[in-house]
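We did not get these values from a lab; they are worked out from the coordinates using the rules stated. A quick note: this is a predicted structure, and the numbers were derived from the prediction, not measured. Positions of Cβ are backbone-derived with ideal geometry, glycine not excepted, and every protein chain shown enters the neighbour counts.
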Amino acid sequence: MFVVEPGAGKTKGYPSARDLGAAIRRGELGPQARIYHRSTDRWLPITVHPEYRKVAAEREQLSAVELQARQWTFLPDSRPDQGSARDPRHPSSSGSGPVLIPGDPEPSWLGSTFRRLRSLAHL
C-alpha cells in the first residue's frame, strides 16, 4: 500500500505500484505530491519514487518522439508585401533570414479553416 499526499492535508492510498503509476499518468499526482516512507517514518517528495521516475522518463521519451515526428519548415521572417515593416505580433529574434517553426503533421479541418480565415483577413 502506498500512502500519498497529493495536496496539503489530503491523503490517498494506492494498493499497488501499478495503481500509483496510473495515478501519476492521469495527472492526479504531480511533482508537488509527497509519499509516505514507512521504514523511515517520513514524508518524501514523490519525485524520488521509482514509479514516478519511470513515468517521467516515459513522458520525456514520448516528447522526443513527438518532436522528431513533426514536420519542420522554413518560413520567411516577413511577408514580401510588408517591405521592411515588422508585425509587432510576430517578433523576430535576428531580424533577417528564415525562421524554423514546426509544421502540423496531421492537418485538421479546424487548422486549415483558421489559416484560410487569417489569410483572408490580411487581404
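Residues of segment 1-19 with backbone nitrogen within less than 14 Å of a virtual label 7 Å along the Cα-to-Cβ line of Trp43, please, listed as ranges.
Answer for segment 1-19: 3-13.
At Thr113 and Ala64, where each label point lies 7 Å from the Cα along Cα→Cβ, what is the point-to-point distance in nanometres?
It works out to 3.8 nm between the two label points.
Considering the zone a paramagnetic label at Ala56 would reach in this model (a point 7 Å from Cα along the Cα-to-Cβ line), which residues of segment 1-15 have amide N under 17 Å from it?
Hits in segment 1-15 for Ala56 at 17 Å: 5-6.
Report the charge-dipole magnitude of segment 2-67 in Debye, nearest 20, computed about the Cα centre from +1 at each Lys and Arg Cβ and -1 at each Asp and Glu Cβ.
Working: 11 positive and 8 negative charges, 37 e Å.
Around 180 debye, computed over segment 2-67.
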